[in-house]
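Participant: Mind having a look at this structure? Questions to follow.
No value in this document is a laboratory result; all are computed from the given coordinates. Worth saying up front: this structure is predicted, and the values here are computed from it rather than measured. Virtual Cβ from ideal backbone geometry, glycine too; neighbours counted across all protein chains shown.
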Amino acid sequence: MFRSIAQVSATTNIRVVVVGSGPAGFYTAAALLASDLEVEVDMIERLPTPWGLVRLGVAPDHPNIKSVSRAFEKTALNPGFRFFGNVEVGRDVQHDELMQLYDAVVYSVGAQTDRALGIPGEDLPGSWPATAFVAWYNGHPDFQDLSFDLSAERAVVIGNGNVALDVARMLALTPEELAPTDTTEAAIEAINASGVHEILVVGRRGPVQAAWTPVEVGELGELAATDVIVDPADLELDPGSEAELAAAAPTVRRNVDHLREYASRQPTGKPRAIRLRFFSSPVALLGDEKVEAIELVRNNLVDGRAVATDERDTIDCGIVFRSVGYQGVPLPGVPFDKHSRTIPNERGRVEPGLYAAGWIKRGPSGVIGTNKKDATETVALLLEDARLGKLPPRGQGTLEELLAARCVEAVLYAGWESIDRAERAAGEPRGRPRVKLGSWESLLEAARAK
Ligand SMILES: Cc1cc2nc3c(=O)[nH]c(=O)nc-3n(C[C@H](O)[C@H](O)[C@H](O)COP(=O)(O)OP(=O)(O)OC[C@H]3O[C@@H](n4cnc5c(N)ncnc54)[C@H](O)[C@@H]3O)c2cc1C
Ligand SMILES: NC(=O)c1ccc[n+]([C@@H]2O[C@H](COP(=O)([O-])OP(=O)(O)OC[C@H]3O[C@@H](n4cnc5c(N)ncnc54)[C@H](OP(=O)(O)O)[C@@H]3O)[C@@H](O)[C@H]2O)c1
């Protein structure tokens, strides 16, 4: 049963719930609140804190990028917006209940887990998904019990994306570089005490095909105590890569320029080195009780794909970070495509009344700003459905009533502001932007102090 067009006039309140408070969720909320229809937006977030990967993914030594949250704060203060943190869809409230309570549901839950390599030894102690390391050093409350053994001489990072570079760079920062960041205390201590001298970053294809971006490659060369080592032979491009480079975006050419400059450098004897190795895939992680070495196979590029040769190499290492991408996880009752690991959708519309935005809509790629255009596209379809009276009717009741009946302690926006104040106050005397509260209890306690 659809509502008629007459029912959706400019004065009708449309109630939309956005699930997930990362960039996609906030850009969705902002676009909805800017509409000429009267829209109320409730945002549900499983953590007591908003901003998704801006708080818990973006590297702590990139404070300028994290400051995009100031734009999200403005959206949160709009009178039509409410935040319900510490509420998890699938646990505290179900999808069909949201469909009943709201005119439209938008999922912007991101990509919550890592992609596996599928090689022997991947589960040995000492083999970690980058997702876990990133969440740990950023203070995600689900990851604070982890302990990373950084005592080995060599760490290996698999993957040639920006997350791989974040991981490599974080491992290479000096105490002085870490001190003014909001990296957790435990991570600062572990990295300061680390015995790692070489961080080997392994790409299965070549310098032209790497997924990282120029600013991120360029800043490797500015690290205080780390040399960057690139084998000049890896920059002797085959005809296919030459042609690809000639036709590539300027960003790819800038990447290669940085790598050429590194290849021409003489190591200066800094205490650490990041070594970028290309055309190599991991075949196995080796070790009896923990990772002791990695076996790599040399690849040739065939039509842009990495094809293994029979040339193999075993390299000692004590810790491996698999940084080959994130992937979405299904939510109970919500359509899910097992291959793309996304919610199947057409430009953000799953069906009238149900929408997706951000990484769960298009997969785990793109920078923060990419999610703005993406969310705007989704919202345009939602508003079109609203105008045409296609949204399914909503039932009685409110989210607050449902949460209260289940004794779910939602952290409202004022609760987050209280957490924010506590963290900033703890950081201030130490010259740090904040000291993050790392446990669920401490976050909830700070939220209650509002
Ligand atoms: C390690 C890392 C570093 C990055 N650094 C940068 C950078 O420096 N610059 C840049 O431009 N881009 C960066 N990006 C990319 C950027 O973070 C993403 O493009 C963006 O965060 C994706 O937005 P999203 O809203 O789809 O997902 P997310 O940011 O992941 O937000 C999803 C939110 O949904 C919540 N959620 C999940 N499941 C549920 C549920 N069941 N119920 C309620 N809530 C739920 C999550 O807790 C989370 O808060 C980085 C990405 C990563 C992984
Ligand atoms: N500072 C920033 O702006 C910043 C920081 C972090 C993240 N981000 C963004 O967040 C998004 C996610 O980043 P990401 O690094 O997780 O993903 P990504 O950019 O997709 O990179 C994944 C890397 O893993 C490699 N890979 C995939 N499967 C592999 C396998 N089986 N074996 C070996 N290598 C494999 C890929 O190689 P192939 O190309 O060969 O598949 C690629 O190099 C990106 O859009 C990124 O730009 C931005």
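Participant: Nearest 20 debye, what's the magnitude of the dipole of the range 75-115 about its Cα centre given +1 on Lys and Arg Cβ and -1 on Asp and Glu Cβ? Could the numbers behind the result be given before it?
Facilitator: On the way: 3 positive and 6 negative charges, 34 e Å.
Result for the range 75-115 is approximately 160 debye, rounded to the nearest 20.
Participant: Give a residue-ordered list of calculated ³J(HN,Hα) values for the range 65-74 (Karplus: 6.51 cos²θ - 1.76 cosθ + 1.60, θ = phi - 60°; whole Hz; x for Gly, Pro).
Facilitator: 5, 4, 6, 4, 4, 4, 5, 5, 4, 4
Participant: Given the options R406, R362, R169, state which has the largest fluctuation in a GNM of the chain using a 10 Å cut-off (strictly under) for Cα springs.
Facilitator: Most flexible of the set in this elastic network: R406.
Participant: Karplus couplings for the range 389-395 from phi (6.51 cos²θ - 1.76 cosθ + 1.60, θ = phi - 60°), rounded to Hz, Gly and Pro as x?
Facilitator: x, 8, 6, x, x, 9, x
Participant: 222 nm [θ] for the chain, helices only, -39500 (n - 2.57) per DSSP H run of 4+, per residue, to 500?
Facilitator: Result for the chain: -9000 deg cm²/dmol, rounded to the nearest 500.
Participant: From the phi angles alone, apply the Karplus equation (6.51, -1.76, 1.60; θ = phi - 60°) to the range 178-192 and give each ³J(HN,Hα) in whole Hz, x where the residue is Gly or Pro.
Facilitator: 7, 3, x, 9, 9, 4, 5, 4, 4, 6, 4, 4, 5, 6, 5
Participant: Within 15 Å, Cβ to Cβ, of S323, how many net charges do the neighbouring residues add up to if Lys/Arg are +1 and Asp/Glu are -1?
Facilitator: Here the count lands on +2.
Participant: Considering only the chain, what is the antiparallel percent among its DSSP beta bridges, to the nearest 5?
Facilitator: 35 percent
Participant: For the range 351-450, just say rounded, prolate or oblate: build the C-alpha gyration tensor, square-root its eigenvalues into a ≥ b ≥ c, call rounded for a/c under 1.5, and beyond that prolate if a/b exceeds b/c, oblate if not.
Facilitator: Numbers: a/c = 3.20, a/b = 1.51, b/c = 2.11.
It is oblate, given that a/c is not under 1.5 and a/b is not larger than b/c.
Participant: Measure nothing but the geometry: give the 0 to 90° angle between the long axis through the Cα atoms of 23-33 and the longest principal axis through the Cα atoms of the chain, rounded to 10°.
Facilitator: 30 degrees
Participant: What is the local net charge at A132, summed over the other residues whose Cβ is closer than 12 Å to its Cβ (Lys, Arg +1; Asp, Glu -1)?
Facilitator: Overall, the nearby charge balance is -2.
Participant: Okay, next question. Do any of K66/K372; K361/K390; K74/K450; K270/K436; K361/K436; K290/K338 go past 27 Å between their Cα atoms, and which? List each step's numbers first, then the result.
Facilitator: Details: K66/K372 16 Å; K361/K390 21 Å; K74/K450 19 Å; K270/K436 31 Å; K361/K436 30 Å; K290/K338 31 Å.
Going by Cα-Cα distance, K270/K436; K361/K436; K290/K338 fall outside the 27 Å limit.
Participant: While we're here: Amide H to amide H, which residues 5 or more places from F321 or on other chains are under 5 Å from it, using H placed in the peptide plane?
Facilitator: Long-range HN contacts for F321: W128, V156, V157, I158.
Participant: Set the Förster radius R0 to 45 Å, insert the Cβ-Cβ distance between S151 and A414 as r into 1/(1 + (r/R0)^6), and round the FRET efficiency to 0.05.
Facilitator: Approximately 0.55, to the nearest 0.05.
Participant: On to the next question. Can you list the residues, at least 5 places off or on another chain, whose amide H is less than 5 Å from the amide H of E38, using H built in the peptide plane?
Facilitator: Here the answer is T12, I14, since their amide H atoms fall under 5 Å of that of E38.
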